[in-house]
Every structure is written in structure tokens, then in C-alpha cells.
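Undergrad: Sharing a structure below in C-alpha cells format, with a few things to ask.
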Amino acid sequence: FAVLLPDLSISDDATRIAQRMLDALTEPFRLDGRELSMTCSIGISIIDLWHPRAPELATTYAGWTQQVSLAGRYAYLADFTAFHVLDIFNPWAPVALPGVINMDERGFRYLIALDVAGDYAYVTGAAEGGNDAGRLAVIDIHDPQLPILSGQLNLPGMPGEVVVQDDRAYVVVANTKL
């Protein structure tokens, strides 16, 4: 199925709606006494804006993509539970690189936000085992073919957006006081 959202006021609304849909669709449900579950896929599209009056769809990357951050010829993607890298040198034919990091195997329930600065990607997500616990992961991407999880930090609440500048990561965290 497809969802059309013609009256969105800001792009964050689409992300929030997609997350709510994914949360609802991935909850197990009972049918005739059996517990069933399903998956949902939300992808990204690459739009060629070379001619602003005639934008053109270059390609669509199928698969759940919560966040995307660009650096050079690469697109760094955070989906529901994994970190991926696409080589977008040719946006008409992006190539998924092999170095996927499955974050659900590293204490994350799901990923929320992503930023790239220099040779590192910074990913926030919900931590396993608690409704209001979060984590920050630092991923070494100096070789985009082989991203490596460098470090992690438990956060004092549920994280939101992450922005990195200089030697600091700024993470929006619910349930904390500044």
C-alpha cells in the first residue's frame, strides 16, 4: 500500500507519521488464537534537481530508511535496526555497500537519528530493555566499505535528533534537564 500525505507542513511530520505506522504495523497481533507479526518497508527516492523547474526521479532505494546523511559520494542510512552505506556516485544506480551494522545486535531496539561528521557517523536510538532509555553509537566510516562500531554511550532519556559540530555531539533527549 502507499500513503499520500499532501498537507504536511514540515518534513519531520512525515518521519513521525512513518514511525507511528511502523510501530503499529510491527506490533504482534492475535488472529484465531495465533500470534502473528508482519514487517513494513519504507524507502527513499533520489530526485535529480539539476533543472529546478523539471525535477526528475533518479531512482528509489527500497527498504526502510528512517534517516539519511550525505558525505561525498556516499549516503549513510539508518533504518529500523541497521546502519547501511550506499555509493551514490551514480545517483541513477546507487550501490549498497556490504558493511551493514545490525544495531539490534548491539543493544538498540530501533534507530532514531543520524549525523555524519568527518570520518564518523553518529546514530541515536532506543535502548533495549527500557521504554525511556536511549543510546548513542559512534561508527567509524573512514572506509565506507567497512564501517566499524567505535563506541557507544547510554543516554539519560529517549533520544531524538543528533547534530555533530567540532568535538561535540548535541542530542535532543526527552526526560532530562539541561
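Undergrad: Quote to one decimal, in nm, the extra length available between residue 153 and residue 96 on full extension: 0.36 nm per residue of separation minus the C-alpha distance between them.
TA: Value of the extension gain: 17.8 nm.
Undergrad: Tell me, how many Å apart are the Cα centres for segment 137-178 and for segment 86-120?
TA: Measuring centre to centre over Cα atoms gives 14 Å.
Undergrad: How big is the accessible area of residue 31 in square angstrom, nearest 10, if you roll a 1.4 angstrom probe over the protein chains?
TA: 90
Undergrad: Once a ≥ b ≥ c are taken as the square roots of the eigenvalues of the Cα gyration tensor of segment 71-120, is the result rounded (a/c under 1.5), prolate (a/b larger than b/c) or oblate (a/b not larger than b/c)?
TA: The shape class here is prolate.
Undergrad: A further question on this structure: Sort 150, 69 by heavy-atom solvent-accessible area, probe 1.4 angstrom, most to least.
TA: My answer, sorted largest first, is 150, 69.
Undergrad: Arrange the residues 158, 103 by how much accessible surface each exposes, largest first, with a 1.4 angstrom probe.
TA: Descending accessible area places them as 158, 103.
Undergrad: While we're looking at this one, here's another question. For residue 138, tell me the accessible area in Å² from a 1.4 Å probe, rounded to the nearest 10.
TA: Number for this one is 40 Å².
The values are calculated or read from the model by the stated rules, or taken from the named source; none is laboratory data. Quick caveat: nothing in here was measured; it's all calculated off a predicted structure. All accessible areas refer to the heavy atoms of the entire protein, side chains included, with ligands and DNA or RNA removed. Shrake-Rupley method; radii C 1.70, N 1.55, O 1.52, S 1.80 Å.
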